[in-house]
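Quick notes on the structure that follows.
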Amino acid sequence: MYKERLHVPLRWWVQAVMLCVALWYAFVVALGPLVAWGLTGAIAAGILAFFATYGATVVTIDRGVLRAGRAHIEVALLRDPEALDKEQTRRALGVEADARAFLHVRPWIGRSVRVRVDDPRDPTPYWLVSTRRPRRLTAALVAAGARTDPDTVDAD
(Lines give C-alpha, C1' and ligand atoms only; values in the text may rest on other atoms or scores of the structure.)
Protein backbone atom coordinates (compact mmCIF):
# COMPACT_ATOMS: atom_id res chain seq x y z
CA MET A 1 0.00 0.00 0.00
CA TYR A 2 1.28 3.44 -0.94
CA LYS A 3 -0.46 6.77 -0.47
CA GLU A 4 0.72 10.32 -1.11
CA ARG A 5 -1.26 13.53 -1.19
CA LEU A 6 0.14 16.15 -3.58
CA HIS A 7 -0.99 19.23 -1.65
CA VAL A 8 0.07 22.72 -2.65
CA PRO A 9 3.19 24.03 -0.88
CA LEU A 10 3.02 26.26 2.18
CA ARG A 11 4.60 29.17 0.28
CA TRP A 12 1.53 29.29 -2.00
CA TRP A 13 -0.70 29.76 1.05
CA VAL A 14 1.58 32.51 2.38
CA GLN A 15 1.56 34.27 -0.99
CA ALA A 16 -2.24 33.95 -1.19
CA VAL A 17 -2.61 35.60 2.22
CA MET A 18 -0.26 38.41 1.16
CA LEU A 19 -2.25 38.86 -2.07
CA CYS A 20 -5.54 39.05 -0.16
CA VAL A 21 -4.12 41.61 2.27
CA ALA A 22 -2.83 43.76 -0.60
CA LEU A 23 -6.15 43.50 -2.44
CA TRP A 24 -8.11 44.32 0.71
CA TYR A 25 -5.98 47.42 1.23
CA ALA A 26 -6.43 48.56 -2.39
CA PHE A 27 -10.18 47.92 -2.23
CA VAL A 28 -10.66 49.68 1.10
CA VAL A 29 -8.89 52.79 -0.20
CA ALA A 30 -10.77 52.82 -3.50
CA LEU A 31 -14.20 51.43 -2.59
CA GLY A 32 -14.68 51.58 1.17
CA PRO A 33 -14.53 48.93 3.90
CA LEU A 34 -17.81 47.12 3.24
CA VAL A 35 -17.08 46.48 -0.44
CA ALA A 36 -13.42 45.70 0.37
CA TRP A 37 -14.36 42.95 2.84
CA GLY A 38 -16.89 41.45 0.43
CA LEU A 39 -14.59 41.40 -2.59
CA THR A 40 -11.58 40.20 -0.63
CA GLY A 41 -13.66 37.48 1.02
CA ALA A 42 -14.91 36.26 -2.36
CA ILE A 43 -11.39 36.21 -3.79
CA ALA A 44 -10.04 34.42 -0.71
CA ALA A 45 -12.82 31.82 -0.96
CA GLY A 46 -11.96 31.25 -4.62
CA ILE A 47 -8.26 30.81 -3.83
CA LEU A 48 -9.09 28.45 -0.97
CA ALA A 49 -11.34 26.36 -3.21
CA PHE A 50 -8.71 26.20 -5.95
CA PHE A 51 -5.91 25.19 -3.56
CA ALA A 52 -8.12 22.63 -1.83
CA THR A 53 -9.26 20.94 -5.05
CA TYR A 54 -6.04 21.19 -7.08
CA GLY A 55 -3.97 20.12 -4.10
CA ALA A 56 -6.32 17.36 -3.00
CA THR A 57 -5.03 14.95 -5.61
CA VAL A 58 -3.77 11.64 -4.26
CA VAL A 59 -1.43 8.99 -5.67
CA THR A 60 -2.11 5.52 -4.27
CA ILE A 61 -1.29 1.90 -4.89
CA ASP A 62 -3.81 -0.43 -3.33
CA ARG A 63 -5.03 -3.92 -4.25
CA GLY A 64 -2.90 -3.99 -7.40
CA VAL A 65 -4.18 -0.68 -8.77
CA LEU A 66 -2.25 2.56 -9.27
CA ARG A 67 -4.45 5.62 -8.86
CA ALA A 68 -3.30 9.11 -9.75
CA GLY A 69 -6.11 11.54 -9.13
CA ARG A 70 -9.20 10.12 -10.84
CA ALA A 71 -7.25 7.90 -13.25
CA HIS A 72 -6.37 4.31 -12.44
CA ILE A 73 -4.59 1.36 -14.01
CA GLU A 74 -3.81 -2.17 -12.89
CA VAL A 75 -0.20 -2.47 -11.75
CA ALA A 76 0.07 -5.79 -13.63
CA LEU A 77 -0.13 -3.77 -16.87
CA LEU A 78 2.87 -1.65 -15.91
CA ARG A 79 6.57 -2.26 -16.35
CA ASP A 80 9.95 -0.64 -15.72
CA PRO A 81 9.06 2.08 -13.19
CA GLU A 82 11.83 4.64 -12.94
CA ALA A 83 12.35 7.41 -10.41
CA LEU A 84 13.13 10.72 -12.10
CA ASP A 85 14.95 13.63 -10.51
CA LYS A 86 14.14 17.28 -11.29
CA GLU A 87 16.23 17.45 -14.47
CA GLN A 88 14.93 14.11 -15.78
CA THR A 89 11.36 15.19 -15.03
CA ARG A 90 11.91 18.47 -16.87
CA ARG A 91 13.16 16.57 -19.93
CA ALA A 92 10.31 14.04 -19.68
CA LEU A 93 7.86 16.93 -19.81
CA GLY A 94 9.76 18.66 -22.61
CA VAL A 95 12.03 17.31 -25.30
CA GLU A 96 11.46 13.63 -24.42
CA ALA A 97 7.68 13.94 -24.05
CA ASP A 98 5.24 11.74 -25.91
CA ALA A 99 1.89 13.37 -26.63
CA ARG A 100 0.13 10.04 -26.00
CA ALA A 101 1.46 9.72 -22.44
CA PHE A 102 -0.74 10.08 -19.37
CA LEU A 103 0.51 12.94 -17.20
CA HIS A 104 -0.46 13.48 -13.60
CA VAL A 105 1.97 16.26 -12.76
CA ARG A 106 1.94 19.19 -10.41
CA PRO A 107 4.20 22.18 -11.15
CA TRP A 108 5.40 22.56 -7.56
CA ILE A 109 6.73 19.00 -7.40
CA GLY A 110 9.92 18.63 -9.42
CA ARG A 111 10.35 14.87 -9.19
CA SER A 112 8.29 12.10 -10.72
CA VAL A 113 8.01 8.44 -11.64
CA ARG A 114 7.67 7.24 -15.21
CA VAL A 115 6.17 3.79 -15.65
CA ARG A 116 5.62 2.14 -19.01
CA VAL A 117 2.21 0.73 -19.95
CA ASP A 118 2.41 -2.82 -21.30
CA ASP A 119 -1.10 -3.28 -22.69
CA PRO A 120 -1.52 -3.79 -26.46
CA ARG A 121 -5.06 -2.36 -26.28
CA ASP A 122 -3.88 0.88 -24.66
CA PRO A 123 -2.13 3.44 -26.90
CA THR A 124 -0.67 5.20 -23.84
CA PRO A 125 3.08 4.51 -23.81
CA TYR A 126 3.68 5.51 -20.19
CA TRP A 127 2.39 7.31 -17.14
CA LEU A 128 4.35 10.21 -15.67
CA VAL A 129 3.27 10.89 -12.09
CA SER A 130 4.53 13.67 -9.82
CA THR A 131 5.73 12.53 -6.41
CA ARG A 132 7.82 13.87 -3.57
CA ARG A 133 9.13 10.33 -2.95
CA PRO A 134 9.98 8.82 -6.36
CA ARG A 135 12.08 5.96 -5.00
CA ARG A 136 9.36 4.88 -2.57
CA LEU A 137 6.71 5.01 -5.29
CA THR A 138 8.95 3.00 -7.63
CA ALA A 139 9.56 0.39 -4.92
CA ALA A 140 5.82 0.24 -4.17
CA LEU A 141 5.04 -0.34 -7.86
CA VAL A 142 7.55 -3.19 -8.02
CA ALA A 143 6.21 -4.68 -4.79
CA ALA A 144 2.65 -4.46 -6.16
CA GLY A 145 3.58 -6.40 -9.27
CA ALA A 146 4.94 -4.03 -11.91
CA ARG A 147 7.32 -5.97 -14.13
CA THR A 148 10.91 -4.81 -14.23
CA ASP A 149 13.96 -5.18 -16.35
CA PRO A 150 16.83 -5.45 -13.83
CA ASP A 151 18.93 -3.02 -15.91
CA THR A 152 16.37 -0.20 -15.74
CA VAL A 153 15.33 -0.24 -12.06
CA ASP A 154 16.88 2.50 -9.94
CA ALA A 155 18.43 0.72 -6.97
CA ASP A 156 19.03 3.74 -4.70
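The values are calculated or read from the model by the stated rules, or taken from the named source; none is laboratory data. Computed from a prediction, not measured in an experiment: that's the story for all the values here. Note that we place each Cβ from the backbone using ideal geometry, even for glycine, and neighbour counts take in every protein chain shown.
For the criterion of being in contact with a Leu (Cβ under 9 Å, 6 or more places away or on another chain) and either over 30 Å from residue 13 (Cβ atoms) or touching a residue at least 24 places away in the same chain (Cβ under 8 Å) (or both), residue 125 fails. From the list 79, 135, the one residue that fits, being surrounded by fewer than 17 Cβ atoms within 10 Å (Cβ to Cβ) and outside the structural domain of residue 12 (by TED's automatic domain parsing), is 135.
Take residue 89 and decide whether it is under 15 Å from residue 128 (Cβ atoms) and either under 16 Å from the mean Cα position of the chain (by Cα) or not assigned by TED's automatic domain parsing to the domain that holds residue 131 (or both). Considered against the rule, which asks whether it is under 15 Å from residue 128 (Cβ atoms) and either under 16 Å from the mean Cα position of the chain (by Cα) or not assigned by TED's automatic domain parsing to the domain that holds residue 131 (or both), residue 89 comes out as yes.
Being in a helix (DSSP H, G or I), outside the structural domain of residue 132 (by TED's automatic domain parsing), in contact (Cβ under 8 Å) with a residue 24 or more places away in the chain and more than 20 Å from residue 124 (Cα to Cα): is that true of residue 24 here? No. From the residues in the range 46-73 that are out of contact with any His (no Cβ under 8 Å at 6 or more places or on another chain) and part of a strand (DSSP E or B), which one is nearest to residue 126 (Cα to Cα)? So the residue we want is 73. Taking first residues from the range 100-120 that are part of a loop (DSSP other than H, G, I, E, B) and partners that are among the aromatic types (Phe, Trp, Tyr) and crowded, with 17+ Cβ neighbours inside 10 Å, the Cβ contacts under 8 Å between residues at least 6 apart in sequence or on separate chains come to 101/126; 101/127.
Only a single item in (1) surrounded by 13 or more Cβ atoms within 10 Å (Cβ to Cβ); (2) at pLDDT below 95; (3) closer than 24 Å to residue 8 by Cα is not met by residue 147, and it is number (3).
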